[in-house]
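Encoded as structure tokens, the structure appears first; notes follow it.
Any read-out appearing in this document is the output of simple, stated calculations on the displayed coordinates, not a laboratory observation. None of the values given here were measured: they were computed from a predicted structure. Positions of Cβ are generated from backbone atoms using ideal geometry, with glycine treated the same way; all protein chains shown enter the neighbour counts.
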Amino acid sequence: MIDWLASKVAISIAVLVIVSSISGFFYVQREAALDREAEQAADSLANWIDSFSSLGGETKANLTVGAGGNYAVPEQIGGKPVHLNISMGLVQITCGSRRASAGYLANVHLWLPEKGSYNASEFQSLDASHPWTGEIVQGDIVVFQRKDITASGAPSIATFAYVTG
């Protein structure tokens, strides 16, 4: 009787180990898929910023978290809300404890251009005092703008990004 009971306990333990291994495998696969989704969202946004910055002439586009803009970052990844931050040359997406970032090559100034002419020190000062956009969440709009400006006497088209609520 004890041998019979011991064999049933051993079989139950073996089944439990197998089921735990299988569920662990699927959990790891799901987490890897969510990591890839966040990385793809960051890469796609960085590519969009580079593409937008290469446009000629003055133009504007809205970036949103969730639907509604000319370009939209997903509002959730894995059921967690997405928080976005754009800094000089880097896009960072955070959702829960998951983070993904991607670099972009374009020179984007993260402030609202209020006038059409700047000297070099004004430009550097504004760039230094606005190194990132702050945390962008669903409902925020980031305006990307290509604008004709004069910097130190030389006319050019620059890319700006600033948050409106």
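The charge dipole of the chain, taken about its Cα centre with unit charges on the Cβ atoms of Lys, Arg (+1), Asp and Glu (-1) only, comes to about 260 debye. Taking the centroid of alpha carbons for each part, the range 127-163 and the range 1-61 are 35 Å apart. The long axis of helix 2-53 is offset from the longest Cα principal axis of the chain by roughly 10 degrees. Output the relative contact order of the range 2-164, whole-number percent, from Cα pairs under 8 angstrom with separation of 6+ residues. Computed over the range 2-164, the figure is 23 percent. Report, in degrees rounded to the nearest 10, the 0 to 90 angle that the Cα long axis of helix 120-129 makes with the longest principal axis of the chain. It works out to around 30 degrees.
Write down Rg/Rh for the chain, rounded to two decimals, with Rg from the C-alpha atoms and Rh from the Kirkwood relation over Cα pairs. Let's see the in-between values first.
Numbers: Rg = 24.4 Å, Rh = 18.6 Å.
That ratio equals 1.31.
Which whole-number percent is the relative contact order of the range 60-111 (Cα, under 8 Å, 6+ apart)? Can you show the working numbers first?
Numbers: 82 pairs, mean separation 11.0, N = 52.
Computed over the range 60-111, the figure is 21 percent.
Here the simple spin-label model places points 7 Å from the Cα toward Cβ, and for V143 and V19 these points are separated by 5.8 nm. Straight Cα distances below 19 angstrom link K147 to the aspartates and glutamates D50, E58, E114, E122, D127, with same-chain residues fewer than 8 positions distant left out.
First measure r as the distance between the Cβ atoms of K60 and N119, then evaluate 1/(1 + (r/R0)^6) with R0 = 30 Å and state the FRET efficiency to the nearest 0.05.
Values: r = 25 Å, r/R0 = 0.83.
After rounding to 0.05, the efficiency reads 0.75.
What's the local net charge at Y104, with K and R +1, D and E -1, over the other residues with C-beta under 12 Å away? All intermediate terms of the calculation are to be shown ahead of the outcome.
Details: positive: none; negative: D43, D50.
Local charge sum for Y104: -2.
Modelled this way, with points 7 Å down the Cα-to-C-beta line, the labels at L112 and N85 are 2.3 nm from one another. Across the options I11, S152, V142, the greatest Cα extent toward the positive end of the charge dipole of the range 2-164 (unit charges at beta carbon of Lys, Arg, Asp, Glu) belongs to I11.
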